[in-house]
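The values are calculated or read from the model by the stated rules, or taken from the named source; none is laboratory data. Note that the structure is a prediction, hence the values are computed from the model and not measured. So basically every Cβ, Gly included, is an ideal-geometry build from the backbone, and we count neighbours across all protein chains shown.
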Amino acid sequence: MELTELSIRLRTLSVFRRLLSDPVIESLCTCLDCMENGFPQMTASSYAEFVSRLYAAGPGDLGLHIQRVVEEDENVYIRMAAQGKEPPEYMRRCVEIELETLQGAADLSPWMLQLGLEGIPLPDFGTTPVNLADCYRKRLENIGQFGYGIYARSHMFYLNAQGHIVPVLHPDSTMLRDLVDYKREQQIIWDNTKALLAGKPAANILLTGDAGTGKSSTVKAVVNELYREGLRILEIRKEQLHDIPRILDELSVNPLKFILFIDDLSFQKDDGNYSSLKAVLEGSVSAKSQNVVIYATSNRRHLVKESFSDREGDDIHRNDTMQEILSLSERFGIHITFQKPNKATYLDIVHHLADAAGVTLSRDELDALAERFALGRGGRSARAARQFIDNLNA
């Protein structure tokens, strides 16, 4: 494809038009324009700006960069395909033509963009061959595994202060192999999540237990193990619970499967967020949105904090109050308790972490130091074991 034709065709992208705002493709278009109309110094400068942006975007390989932005682009065509709708023929033809155009850009080599600049020392860039049409076809065929848009770029997300879903820049990398003991609890979460991925009925899960027992880490580890199968996690803070119905509407048309994760959950009895979550959990979230479940953790067995005044009054009043307090926990289909480890379990965790970290202390010395550390931290827990080993290696 001639460079002049490529420049014109890039400017006429429609389905993939958002790619023109990609810093690398934007600077490439400018570079092509300068080659056609500019002076050598303008062309050299625009070429250097293009390469600089390509370097900043990743490994500095044009073919791989264009393949990535094409596969991750959220456009009307891929949204229709993800919802099982049949795109019209003219839109399919448009996509074919635009993939040909982007293929022409992906096939560019340094020497093609350095024409007329011989003798000037200019930077090169990578040119890995890619087949955009084939890659995009595979992406569409496996959209429930790969996703699109921001969900193709990451697997952990949070709801920001403006109520927007954004990727976690530095996601927790914990894997199940990093977690010692609690295998029964992990298996329940694993089985329920696999059911969600398989399109089978999956329950909302409440994980309760002492702080530091690995409740949050287990949920995130399961996601790290299964995200390649189409699983994503979205963390929501307690004060954002009123946003869940809107989020469910947005995620219900997505081909991926989602865990809405609420960490360290508890309420005062008159907390308005309590009613928001209670309404969402009424019945089954899975019945309303087959691709979303709620996993929540709490250090409290009963999510609503109870005061002694709640127990006052006649028997009917007392019973109504207690039922109200219990009702929220009971709306979760599965309730898992992470017990504080006993001495043997705690030391087993310490031994496992110590071996992984290369600690060379004798078992007796290690156990004595670990017990002393736990005593100073208020008790034994998986978190205390991790902190103890980290302190040894500090």
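Of everything listed in (1) modelled with pLDDT under 80; (2) among the β-branched types (V, I, T); (3) surrounded by fewer than 18 Cβ atoms within 10 Å (Cβ to Cβ), the single unmet condition for V253 is (1).
Among the numbered conditions (1) modelled with pLDDT of 85 or more; (2) touching a Leu at 6+ places or on another chain (Cβ under 6 Å); (3) over 23 Å from K183 (Cα atoms); (4) not basic (K, R), the only one that S362 does not meet is (2). Of all the numbered requirements in (1) surrounded by fewer than 21 Cβ atoms within 10 Å (Cβ to Cβ); (2) over 18 Å from the mean Cα position of the chain (by Cα); (3) over 27 Å from I78 (Cα atoms); (4) in contact (Cβ under 8 Å) with a residue 40 or more places away in the chain, H242 misses one, and that requirement is (4).
Output the strands (runs of 3 or more DSSP E) that fall wholly within segment 153-245 and possess 3 or more residues being aromatic (F, W, Y) and under 18 Å from D264 (Cβ atoms), or say none. Show your work before the answer.
Working: elements: 156-159, 165-167, 205-209, 231-235.
Strands (runs of 3 or more DSSP E) meeting the threshold: none at all.
Here's the yes/no breakdown for (1) of a type outside the set (K, R); (2) out of contact with any His (no Cβ under 7 Å at 6 or more places or on another chain); (3) over 24 Å from L117 (Cβ atoms):
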| position | (1), (2), (3) |
| --- | --- |
| Y55 | yes, yes, no |
| G58 | yes, no, yes |
| Y77 | yes, yes, yes |
| R93 | no, yes, yes |
| Q103 | yes, yes, yes |
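In segment 15-44, the residues that are touching a residue at least 60 places away in the same chain (Cβ under 8 Å) form Cβ pairs under 6 Å with partners that are among the aromatic types (F, W, Y), at six or more places apart or across chains, as follows: V15/Y77; L28/F50; C31/Y47; C31/F50. Being outside the structural domain of I66 (by TED's automatic domain parsing) and of a type in the set (S, T, Y) is not true of Y136.
Here is a yes/no grid of residues against (1) closer than 30 Å to P121 by Cβ; (2) among the hydrophobic types (A, V, I, L, M, F, W, C); (3) part of a helix (DSSP H, G or I); (4) touching a strand residue (DSSP E or B) at 6+ places or on another chain (Cβ under 8 Å):
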| residue | (1), (2), (3), (4) |
| --- | --- |
| S45 | yes, no, yes, no |
| V51 | yes, yes, yes, no |
| A56 | yes, yes, yes, no |
| E74 | no, no, no, no |
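For segment 85-116: of the residues being part of a helix (DSSP H, G or I) and among the hydroxyl-bearing types (S, T, Y), which is surrounded by the most Cβ atoms within 10 Å (Cβ to Cβ)?
Residues of segment 85-116 that are part of a helix (DSSP H, G or I), as a first pass: 89-106, 110-113.
Pick out the ones that are also among the hydroxyl-bearing types (S, T, Y) and you get 90, 101.
Numbers: Y90: 8, T101: 20.
Among residues in segment 85-116 that are part of a helix (DSSP H, G or I) and among the hydroxyl-bearing types (S, T, Y), the one surrounded by the most Cβ atoms within 10 Å (Cβ to Cβ) is T101.
What tally of residues in segment 56-84 results from selecting those that are without any contact (Cβ under 8 Å) to a residue 40 or more places away in the chain and surrounded by 17 or more Cβ atoms within 10 Å (Cβ to Cβ)? Explain how you work it out, then say what you get.
If we filter segment 56-84 for residues that are without any contact (Cβ under 8 Å) to a residue 40 or more places away in the chain, which is where we start, we get 56-58, 68, 80, 84.
From what is left, the residues that are surrounded by 17 or more Cβ atoms within 10 Å (Cβ to Cβ) are 57, 68.
Qualifying residue count, segment 56-84: 2.
Looking at F50, is it in contact (Cβ under 8 Å) with a residue 60 or more places away in the chain and over 29 Å from the mean Cα position of the chain (by Cα)? Yes: the conditions hold for F50.
Do you know which residues across segment 337-371 are part of a strand (DSSP E or B) and surrounded by 15 or more Cβ atoms within 10 Å (Cβ to Cβ)? Show your work before the answer.
Applying the first criterion (part of a strand (DSSP E or B)) to segment 337-371 yields 337-338.
If the condition is that a residue be part of a strand (DSSP E or B) and surrounded by 15 or more Cβ atoms within 10 Å (Cβ to Cβ), then F338 is the only one that fits.
Just one of G230, G163 is at pLDDT below 95, on the phi > 0 side of the Ramachandran plot and not assigned by TED's automatic domain parsing to the domain that holds D73; which is it?
G163
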